[in-house]
Amino acid sequence: MAFDANKVRGDFPILKQQVNGHSLVYLDNGATSQKPQSVIDAIVNYYTTTNSNVHRGVHTMSQQATDGYEGARSKVREFINAGKDEEIIFTRNTTEGINLVAHSYGRQNIGPGDDIIVSNMEHHSNIVPWQMLCEEKGANLKVVPIDDSGELILDEYEKMLGPRTKLVSITHVSNALGTILPAKQIVAMAHAHDAPVLLDGAQAVPHMPVDMKSLDCDFYVFSGHKVYAPTGIGILYGKEEYLNAMPPFLGGGEMIKSVTFEKTIYNDLPYKFEGGTPDIAGAIGLGAAIDYVNALGFDEITAHEEELLKYGTDALSSIEGLRIVGTAANKAGILSFVMDKAHPHDIGTILDEQGIAVRTGHHCAQPVMQRFQIPATARASLAFYNTKEDIDALVKGIDRVLEVFS
C-alpha cells in the first residue's frame with residue numbers, strides 16, 4: 001500500500017493551524033520536527049500519572065517512572081541496533097554528546113601533534129569542541145574538503161589518515177546540503193589506521209535506518225527533537241570498551257556508587273555519564289516517537305521522502321535565477337538554495353507571509369557557506385508528513401519573491 005502522507009498529517013495537531021492567514025506549510029524539519037499526538041500524549045501521561053524521580057525510589061510511581069525511562073533506553077538500543085542498553089547514554093542533544101566525547105575521550109587520548117579529522121560540511125557543534133580541544137592539547141584539526149556538488153573527497157581523506165590520527169568526527173548527513181556521506185566506508189578507512197570514529201547522526205536518524213553493528217562506528221550522536229520527539233533529549237551511543245575507559249563528564253548524583261570526602265566510586269554504565277536528574281519525560285517521549293516511526297516503517301518513509309526530494313529538486317531547478325546548493329547524488333530531504341535577486345532572509349520573510357516555514361542563514365555551518373562563496377541559503381527541509389502540495393506552495397511562494405524583486 002502506498003504511503004499516505006495526508007493520513008499521517010492527521011497525527012500532527014500543529015499542522016492543522018493557519019499562520020498569517022494561510023494553512024501552515026512546515027518545511028523546517030532540519031531545525032526541528034513536529035510531534036505526533038502519541039508523543040504529546042506520552043509526555044502528558046507521564047506528568048499526569050507517573051511524575052516521579054527515577055532509580056532510587058521504592059514507591060510505586062518512582063518504579064513506574066524508572067520503567068518508562070529505562071524502557072525508552074531499550075527502544076533506542078533496538079532502533080539503532082546497538083549491542084547493549086549500557087551503550088546508550090541519554091544527553092540533552094547532539095551537541096552535548098559530541099562535547100561529552102571531546103571532554104571524556106579527547107582529553108584522555110589526544111596530545112600535542114595528534115590529528116583530529118573533520119569535514120568541510122560539519123555543523124558548528126562538530127567543529128568547535130574539537131577546536132577547543134586542539135587549542136588545549138596542541139593537536140591539529142584537519143579538514144576533509146568537499147567538491148562542488150557537496151560530496152566528500154575521499155582521496156583527500158585517505159591522505160590525511162595516519163599514525164597521528166587519534167579521532168575522526170564526521171557528519172552522517174549534512175544539515176546544510178543534504179549530502180548522505182558513505183559512513184561505513186569512512187569508518188572502515190579510519191579503523192585501518194586504528195583511529196576511532198564519531199558520527200553526527202542528527203540529520204540521518206529521522207530519514208533512514210541506522211545500524212551500529214553495520215556501521216561499526218565507535219560513537220554515534222543524535223537529537224530526539226529532529227526525530228519527532230521532544231527537545232532536550234539526545235543520545236550518545238558509544239562502544240562499551242570506550243565508555244568504560246572514559247572518565248565521567250559531570251559530577252553529582254546518579255553517576256556515583258558511593259561518595260566520601262576521601263574518595264568517590266563512579267557508577268557503572270550508562271549511569272556514569274548521566275549525572276543529575278535526567279529529562280525523564282523527554283526520554284519517554286523519545287520512546288513514543290520511536291514507536292511511531294517504527295509503526296510507519298523506514299521503507300515507506302524513505303521512499304516517500306526520496307520521491308518528494310526529486311519532485312522538489314525538479315520544481316526548484318526550473319525556476320530561473322534560482323540555484324540549488326548541494327547536488328550530491330545521494331541526498332536526504334534537504335533543498336538549500338540561493339536566488340539571484342533576493343537575499344535568503346528576504347526569501348524567508350516573504351515565504352512566511354504565506355504561511356511557509358523555511359530556515360534561512362548559514363545553518364550553523366559557516367565553513368560550508370565559505371566553501372560555496374555565499375553568505376547564506378534558504379533551506380527547505382522535508383519530513384514524511386510533507387506532500388507534493390507543500391512543494392507546490394513553496395514554488396508559488398518563490399514566484400511571489402520574484403514578483404517583489406522584479
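The values are calculated or read from the model by the stated rules, or taken from the named source; none is laboratory data. Please read all numbers here as calculations on a predicted model, not as lab measurements. Methodologically, a virtual Cβ is constructed for each residue, glycine included, from the backbone with ideal geometry; neighbour enumeration extends over all protein chains shown.
List of remarks:
- Looking only at residues in the stretch 360-369 that are part of a loop (DSSP other than H, G, I, E, B) and not hydrophobic (A, V, I, L, M, F, W, C), the one that is surrounded by the most Cβ atoms within 10 Å (Cβ to Cβ) is HIS363.
- Residue match in the stretch 361-368 (condition: without any contact (Cβ under 8 Å) to a residue 60 or more places away in the chain and either within 22 Å of HIS123 (Cβ to Cβ) or under 19 Å from the mean Cα position of the chain (by Cα) (or both)): yes
Table: residues versus (1) closer than 25 Å to LEU296 by Cβ; (2) basic (Lys, Arg); (3) within 21 Å of the chain's Cα centre (by Cα).
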{"position": "ARG56", "(1), (2), (3)": "no, yes, no"}
{"position": "THR60", "(1), (2), (3)": "no, no, no"}
{"position": "LYS75", "(1), (2), (3)": "yes, yes, yes"}
{"position": "GLU96", "(1), (2), (3)": "no, no, yes"}
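- Top-ranked residue in the stretch 373-398 [being surrounded by 15 or more Cβ atoms within 10 Å (Cβ to Cβ) and in contact with a His (Cβ under 8 Å, 6 or more places away or on another chain); ranked as farthest from ILE347 (Cα to Cα)]: PHE384
- Among the residues of the stretch 370-404, those that are outside any helix (DSSP H, G or I) and not hydrophobic (A, V, I, L, M, F, W, C) comprise GLN373, PRO375, THR377, ARG379, SER381, TYR385, ASN386, THR387.
- Near pairs, Cβ below 9 angstrom, 6+ apart or cross-chain, from the stretch 197-218 (within 16 Å of THR32 (Cα to Cα) and assigned by TED's automatic domain parsing to the domain that holds LYS75) to any residue that is assigned to a loop (DSSP other than H, G, I, E, B) and of a type in the set (Val, Ile, Thr): GLY201/ILE80; GLY201/VAL210; ALA204/VAL210; VAL205/ILE80
- Of all the listed residues (LEU243, LEU250), the sole one being under 23 Å from PRO230 (Cα atoms) and either touching a helix residue (DSSP H, G or I) at 6+ places or on another chain (Cβ under 9 Å) or not charged (D, E, K, R) (or both) is LEU250.
- Top-ranked residue of the stretch 12-27 - restricted to ones that are touching a residue at least 40 places away in the same chain (Cβ under 8 Å) and either part of a loop (DSSP other than H, G, I, E, B) or hydroxyl-bearing (Ser, Thr, Tyr) (or both), ranked as surrounded by the fewest Cβ atoms within 10 Å (Cβ to Cβ): GLY21
- Subset of the stretch 113-144 that is in a loop (DSSP other than H, G, I, E, B), touching a residue at least 40 places away in the same chain (Cβ under 8 Å) and of a type outside the set (Val, Ile, Thr) - its residue that is farthest from THR95 (Cα to Cα): GLY113
Residue by residue, here is whether (1) closer than 25 Å to ALA281 by Cα; (2) buried (at least 21 other Cβ atoms within 10 Å of the Cβ); (3) touching an Asp or Glu at 6+ places or on another chain (Cβ under 8 Å) holds:
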| position | (1), (2), (3) |
| --- | --- |
| VAL76 | yes, yes, no |
| ASP85 | yes, no, yes |
| ARG92 | yes, no, yes |
| ILE98 | yes, yes, yes |
| TYR105 | no, yes, no |
| GLN108 | no, no, no |
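- Unmet criterion (only one of (1) within 20 Å of VAL101 (Cα to Cα); (2) out of contact with any Asp or Glu (no Cβ under 7 Å at 6 or more places or on another chain); (3) at pLDDT below 95) for PHE222: (3)
- Whichever residue in the stretch 28-44 is assigned to a helix (DSSP H, G or I) and not charged (D, E, K, R) and, among such residues, is nearest to the chain's Cα centre (by Cα): VAL39
- Residue count for the stretch 128-164, restricted to those that are of a type in the set (Ser, Thr, Tyr) and surrounded by fewer than 19 Cβ atoms within 10 Å (Cβ to Cβ): 1
- Applying the criterion of at least 3 residues that are assigned by TED's automatic domain parsing to the domain that holds ALA102 and in contact (Cβ under 8 Å) with a residue 12 or more places away in the chain to the helices (runs of 4 or more DSSP H) found wholly in the stretch 264-359 leaves 280-296.
- Selection count where residues are in a loop (DSSP other than H, G, I, E, B) and closer than 12 Å to ILE280 by Cβ, scope the stretch 45-56: 5
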